[in-house]
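Chemist: Right, I'll just put the structure down here and ask away after.
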Amino acid sequence: MEERSLHIVIVGHVDHGKSTLVGRLFHDTGSLPPEKLEEIKRVCASMGREFEFAYIMDNLKEEREKNITIDIAHTFFATQKRRYVIIDAPGHKEFLKNMISGTSQAEAALLLVDVHRGIEEQTLRHCYILGLLGIKQVAVIANKMDLVDYSEKVFNEIKDRITEALAERKVKPAYIIPISASKGENVANRAERLSWYKGPTVLESLDSFETLKTEEKDLRFPVQDIYDIDGKAVAVGRVEAGVLRKGQNVVIMPGKKKARITEVKKYTQDNISEAPAGDCIGIIVAGEKLERGQVLATDTGIQGQADKGAATITDLIHANIFWMVDKEYKLGIPVTFKCATQEVRGKIEKIHRRFDPASIEVVESNAKIIKPAEVAEVDIRLEKPVAVDRFSDIPELGRFVLEHAGHPVAGGIIIS
C-alpha cells in the first residue's frame with residue numbers, strides 16, 4: 001500500500017446520496033469497525049427504521065457535534081492501493097474558506113448527481129467550485145440508477161449535460177460512473193444490471209488518480225531563518241518539495257543567484273546526505289549568503305535551462321482569495337503578501353469578479369470592493385518579485401495570506 005493518502009472531497013446536491021455513498025465506501029472497504037456497524041443497526045432497529053448506509057454518516061456527524069473522539073477508521077477508508085481522506089464540505093462558504101485559506105487540500109473530487117432528479121442548482125454550484133479551486137482529478141458519480149431501471153439512455157442524457165456544465169467551468173471529468181450507492185452497485189463491486197457500462201467502479205476510479213507527490217517535484221526550500229552555529233551560517237527551514245541533497249547546486253530565488261549545498265543538518269543528526277519533502281532541516285551553502293524569505297530551487301546545470309526547475313518569479317499574482325474580516329476591502333488599499341517565508345508589500349490592482357460563496361453567484365465583475373466573506377478573483381501587484389507556484393502544483397508555494405495593518409485579512413491560492 002502506498003504511504004501517502006489521497007485527499008478527496010465528495011460534493012453533490014442535498015439528497016443526491018452523498019451520505020449513502022460515503023457509508024457504502026466505509027462498509028465495502030472494511031474500514032468501518034464491526035462493532036460500530038452493529039451499533040448503528042441496533043439504533044436503527046430501536047427507532048423502527050430499516051438500516052441505511054446514510055445513517056453511518058449521520059452517526060459520525062452526531063459524534064463530531066458532541067466532540068466525541070472518532071476512530072481513525074471513521075475518517076479514512078482504504079483500498080489495497082492506499083488510504084483516502086475525505087475532506088468534509090459542510091457548506092460552500094466553509095469549504096471554500098478551508099480550501100483557500102490552506103487548512104485543507106483536495107487532490108481529487110467525486111461529484112454526485114441523482115439521475116432520477118437530474119442536475120440541480122447545487123450541482124452547478126459544485127461544478128463552479130471545482131473549477132475555482134483548480135481540482136483536475138474529477139469523477140462524476142451518477143447515483144440512484146435503480147430508480148430509473150438502470151436505463152442506459154437516462155445515464156447518457158445526464159452524462160452529456162454534466163460534461164457540458166463542467167466544460168463551461170473548465171473541468172474535464174476523468175470518468176462518469178453509473179451506480180446505486182444504496183445497493184452497492186458499481187461502488188466497490190460491478191453490477192450485472194449495469195453490464196452495458198464498461199468503465200471503472202468508484203473505487204477503481206479513485207485508485208487511478210494520482211497523489212500529490214511533492215517529493216518527486218523540483219526542489220523548494222524556503223529559508224525561514226539564519227543561525228550562527230560555531231561560526232557558520234546555518235539556514236533553517238522546511239523542504240516543501242523535492243529532495244535537498246548535500247553537494248547539490250541550487251538557484252536562490254527570486255534573485256536567481258547560484259549556490260551549492262555543503263552540509264545538511266537535522267535535529268540530533270549532523271551532516272546527513274539528503275532531506276526529502278516534509279523534513280525540517282538546517283543547511284550550509286557555499287557561494288552566497290542566504291537570507292530569510294529566499295527560496296532554494298533545483299539548478300539543472302544545463303545551458304539555457306537554469307530556470308527549468310525553478311518557481312515563477314513575478315511581481316503580479318493572479319489568484320482567488322477569501323476575504324475573512326468584517327471590514328470590506330477597497331481597491332488600492334495596501335496589503336502585505338505572505339507566502340511561505342516571503343513577505344512583500346503590495347495592493348490588489350484588479351478585482352476581476354467577486355461572488356457570494358454560499359450561492360456561488362457572481363455579485364459583480366470589474367469590482368472596486370470586496371465585502372466580508374466574499375471570494376474574489378484578483379490581480380495583486382507587489383513592490384518586488386516573489387517566487388511562487390500554482391496551488392495545484394506545489395501547495396505551500398501556491399497559497400498565501402494577505403495582511404493589513406499587521407492583521408490577516410484574506411487567504412488565497414495562486415491559479416496562474
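The values are calculated or read from the model by the stated rules, or taken from the named source; none is laboratory data. Remember, it's a predicted structure, so these values are computed and weren't measured experimentally. Cβ: placed from backbone, ideal geometry, glycine included. Neighbour counts: every protein chain shown.
Chemist: Name the single residue that is surrounded by the fewest Cβ atoms within 10 Å (Cβ to Cβ) among those in the range 270-297 being of a type in the set (A, V, I, L, M) and over 16 Å from LEU397 (Cα atoms). Lay out the reasoning, then the answer.
Modeler: Restricting attention to the range 270-297, the residues satisfying the condition of being of a type in the set (A, V, I, L, M) are 272, 275, 277, 281, 283-286, 290, 295-297.
Now drop any that are not over 16 Å from LEU397 (Cα atoms), which leaves 272, 275, 281, 283-286, 290.
Working: ILE272: 14, ALA275: 24, ILE281: 21, ILE283: 25, ILE284: 18, VAL285: 21, ALA286: 9, LEU290: 21.
Going through the qualifying residues, I end up with ALA286.
Chemist: How many residues does the range 320-366 hold that are outside any strand (DSSP E or B) and of a type in the set (S, T, N, Q)? Don't jump to the end; show me each part of the working.
Modeler: Of the residues in the range 320-366, the ones outside any strand (DSSP E or B) are 324-328, 331-333, 340-341, 357-360.
Then keep just the ones that are of a type in the set (S, T, N, Q); that gives 341, 359.
Matching residues across the range 320-366 total 2.
Chemist: Name the residue, out of ARG238, ARG220, ARG260, that is in contact (Cβ under 8 Å) with a residue 12 or more places away in the chain and over 28 Å from the mean Cα position of the chain (by Cα).
Modeler: ARG260
Chemist: Quick check on ALA167: is it among the aliphatic types (A, V, I, L, M), part of a helix (DSSP H, G or I) and closer than 20 Å to ALA109 by Cβ?
Modeler: Spelling it out, ALA167 is indeed among the aliphatic types (A, V, I, L, M), part of a helix (DSSP H, G or I) and closer than 20 Å to ALA109 by Cβ.
To keep it simple, each residue is scored yes or no on (1) surrounded by 15 or more Cβ atoms within 10 Å (Cβ to Cβ); (2) among the small types (Gly, Ala, Ser); (3) not assigned by TED's automatic domain parsing to the domain that holds TYR128.
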{"site": "LYS172", "(1), (2), (3)": "no, no, no"}
{"site": "SER180", "(1), (2), (3)": "yes, yes, no"}
{"site": "TYR197", "(1), (2), (3)": "yes, no, no"}
{"site": "LEU203", "(1), (2), (3)": "yes, no, no"}
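Chemist: Shifting gears a bit: Would you mention how many residues in the range 257-282 are within 13 Å of LYS232 (Cβ to Cβ) and of a type in the set (Lys, Arg)?
Modeler: Of the residues in that region, 1 qualify.
This table checks each residue for (1) more than 15 Å from ASN320 (Cα to Cα); (2) of a type in the set (Lys, Arg); (3) crowded, with 19+ Cβ neighbours inside 10 Å.
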| position | (1), (2), (3) |
| --- | --- |
| PRO372 | no, no, no |
| VAL378 | no, no, yes |
| PRO385 | yes, no, no |
| SER392 | no, no, no |
| GLY398 | no, no, yes |
| HIS404 | yes, no, no |
| PRO408 | yes, no, no |
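Chemist: Tally up the residues in the range 16-51 that are within 33 Å of the chain's Cα centre (by Cα) and surrounded by 12 or more Cβ atoms within 10 Å (Cβ to Cβ), please.
Modeler: So the count comes out to 21.
Chemist: For the structure I just gave you, tell me whether ALA188 is under 19 Å from VAL154 (Cα atoms), at pLDDT below 95 and surrounded by fewer than 21 Cβ atoms within 10 Å (Cβ to Cβ).
Modeler: On the way: under 19 Å from VAL154 (Cα atoms): no; at pLDDT below 95: yes; surrounded by fewer than 21 Cβ atoms within 10 Å (Cβ to Cβ): yes.
For ALA188, the condition - under 19 Å from VAL154 (Cα atoms), at pLDDT below 95 and surrounded by fewer than 21 Cβ atoms within 10 Å (Cβ to Cβ) - is not met.
Chemist: Considering the range 308-317 alone, what residues qualify as being modelled with pLDDT of 95 or more and either within 22 Å of the chain's Cα centre (by Cα) or part of a loop (DSSP other than H, G, I, E, B) (or both)?
Modeler: ILE317
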